[in-house]
Every structure is written in structure tokens, then in C-alpha cells.
1. List the relative contact order of the stretch 3-73 as a percent without decimals, with contacts defined as Cα pairs under 8 Å and 6+ residues apart.
2. Using only helices, what value at 222 nm comes out for the chain when you add -39,500 (n - 2.57) per DSSP H run of length 4 or more and divide by the total residues, to the nearest 500 deg cm²/dmol?
3. So what are the chain's ellipsoid semi-axes, whole angstrom, largest first, if each one is the square root of 5 times an eigenvalue of the alpha-carbon gyration tensor?
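Just so you know, all these numbers are worked out from the coordinates, no wet-lab data involved. Quick caveat, the model's predicted, so the values are computed rather than measured.
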């Protein structure tokens with residue numbers, strides 16, 4: 001296997017890091033919708049927490065993208 005093929009395989013494997021954040025983001029928004037549906041009075045506090053959680057989980061996907069790009073073009 002030459003170096004270019006190994007880079008492509010490595011970058012492809014690094015993109016598997018998108019699976020966890022994808023599931024996590026779906027769970028965050030599902031929990032938000034469920035919580036606001038059960039207690040609309042607490043929507044402000046719950047929404048703020050959901051956005052912070054979304055940002056933290058999305059950072060993991062950005063890290064996976066950065067690693068994939070480093071492998072591919074580094």
C-alpha cells in the first residue's frame with residue numbers, strides 16, 4: 001500500500017468520529033423537545049442548557065474533521 005492510499009484510508013477512518021456527535025446531537029434535541037413538551041414554563045433554562053450541550057458535542061465533530069484533514073493533507 002502506498003502512502004497516498006494509506007492517507008485516504010486513515011482520513012476515512014477518522015471520519016468515524018462523526019458517528020458519536022451525530023447521535024449525541026439527536027439525543028440532545030429529542031430531550032429538549034420532550035422536556036419543553038412536559039414543562040413549557042422551564043423552556044428558557046432548558047433551551048440554554050441544550051445549546052451549550054450542542055456546542056460541546058459539536059466540538060467533538062469539529063475535532064474529528066480536523067484530524068481527518070490533517071491526515072489527508074498533512
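1. The normalised contact order for the stretch 3-73 reaches 57 percent.
2. Details: 3 runs with 63 residues, N = 74.
Counting only the DSSP helices, I get -29500 deg cm²/dmol.
3. 37, 11, 4
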